[in-house]
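What follows is one structure encoded as structure tokens, with my remarks underneath.
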Amino acid sequence: MSPSSGARTSEAYGAFAYAYDPSLGKRFFNAVRILLDQVLEDYPARKRTHLDVACGTGFAVEYFLSQGWKSVGVDASLPMLQLARKRTPSVIAADMRALPLRRKFARITCLYDSLNHLLDRNDLVAAFRAIRRVMDHDSLLLFDMNHPDVYPAVWGVVDPFFAKGADYQLEMTTTYRAQEKIGRAIVTGWAKMGGEHVKIREQHRQRAYSEREIVAALADARLAPVDVIDFDPYHELGSVDAETVKLFFVCRAI
């Protein structure tokens with residue numbers, strides 16, 4: 001890849017991050033915030049320290065800070081972190097499978113089905129182990145993953161997802177291959193950045209994990225669920241053939 005093509009790729013992903021923030025990012029967090037309020041009330045913390053893994057554009061870090069927590073976010077995407085830093089400086093670049101943190105956190109979140117982006121079980125276990133290393137005996141990990149029914153029911157449909165604002169447009173077309181348990185999303189559109197329309201073309205992949213597979217991966221990392229909550233952030237259950245949309249896990253160290 002030439003330097004110029006690399007710059008274009010970076011610019012295009014920056015445009016995707018810019019469009020993602022007010023559409024998918026804000027939309028999901030408005031839904032998950034209600035669930036977080038309830039879970040944090042049901043499981044009160046002795047210490048108010050928080051880590052958000054795969055923090056994206058920083059909605060969860062901003063939320064925890066607003067509730068009086070000491071909060072830090074980590075993400076591997078520099079364009080996402082650039083937007084997150086407009087909300088809070090408390091974010092750093094890091095891979096979720098190798099967190100460069102030595103301190104412990106009372107509550108750890110990993111939202112936006114970020115763990116479904118780990119296509120290999122070994123990577124999922126590595127992420128859980130990295131998180132386990134920053135947990136105390138009374139810490140809790142809160143995360144959501146897509147229910148496997150969602151992939152054939154939602155990712156396998158013909159109609160694309162569409163979002164539009166004054167300075168962005170996103171269209172997401174998805175496919176799902178049941179044999180591989182892999183969903184693919186092609187994201188196209190544009191975002192207005194620096195007075196110019198920057199084109200977006202992204203490809204994202206996710207793996208469908210069953211609840212049993214997730215619990216087994218947690219066990220390999222010395223973690224165990226204390227609660228698993230059915231979560232339907234967009235009220236889709238009436239229109240899709242799925243047992244539930246997402247599984248929201250509350251996990252402790254063992």
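The values are calculated or read from the model by the stated rules, or taken from the named source; none is laboratory data. All values reported here derive from a predicted model rather than from experimental measurement. All Cβ positions, even for glycine, are placed from backbone atoms using ideal geometry, and neighbour counts span all protein chains on display. Just the protein is used for accessible areas: all its heavy atoms, side chains included, with ligands, DNA and RNA removed. Shrake-Rupley method; radii C 1.70, N 1.55, O 1.52, S 1.80 Å.
Please compute the volume of the convex hull spanned by the alpha-carbon atoms of the chain and report it per residue in Å³.
Looking at the chain, the number lands at 137 Å³ per residue.
Okay, helix-only estimate at 222 nm for the chain: each DSSP H run of n ≥ 4 adds -39500 (n - 2.57), divide by all residues, round to 500 deg cm²/dmol; what do you get?
Computed mean residue ellipticity for the chain: -9000 deg cm²/dmol.
What are the lysines whose alpha-carbon lies under 16 Å from the alpha-carbon of Lys26, with same-chain residues fewer than 8 places away excluded?
Partners within reach: Lys86, Lys164.
Give me the distance between the Cα centres of the range 215-242 and the range 81-123, rounded to whole Å.
19
Could you calculate the contour length gain from Asp149 to Asn30, that is, 0.36 nm times the residue separation minus the distance between their Cα atoms, to one decimal place in nm?
Extra length from Asp149 to Asn30 when fully extended: 40.5 nm.
Residue separation times 0.36 nm, minus the C-alpha to C-alpha distance between Gln67 and Asn122: what's the value?
Computed gain between Gln67 and Asn122 is 16.3 nm.
So what's the range 1-121 giving for Rg/Rh, alpha carbon basis, Kirkwood Rh from the mean inverse pair distance?
Reported Rg/Rh, Kirkwood definition of Rh: 1.00.
Express in nm, to one decimal, how much length is gained between Glu213 and Tyr234 on full extension, taking 0.36 nm for each residue of separation and deducting their alpha carbon distance.
So the chain would gain 5.1 nm between Glu213 and Tyr234.
Taking every DSSP beta bridge with both residues inside the chain, roughly what % is antiparallel (nearest 5)?
Around 70 percent antiparallel, to the nearest 5.
Mind checking the dipole of the range 27-96: about its Cα centre, +1 per Lys or Arg Cβ, -1 per Asp or Glu Cβ, Debye to the nearest 20?
Using only the charged Cβ atoms, the result is roughly 240 debye.
How high is the relative contact order of the chain, in percent, counting Cα pairs under 8 Å that sit 6 or more residues apart?
Contact order relative to length: 19 percent.
Mind checking which of Ala217, Leu40, Val134 is farthest towards the positive end of the chain's charge dipole, using Cβ charges of +1 (Lys, Arg) and -1 (Asp, Glu) about the Cα centre?
Val134
For the chain, what % of the accessible area comes from carbon and sulfur atoms, probe 1.4 Å?
49
Tell me, what is the percent relative contact order of the range 133-254, built from C-alpha pairs under 8 Å that lie six or more residues apart?
In percent, rounded to a whole number, it is 32.
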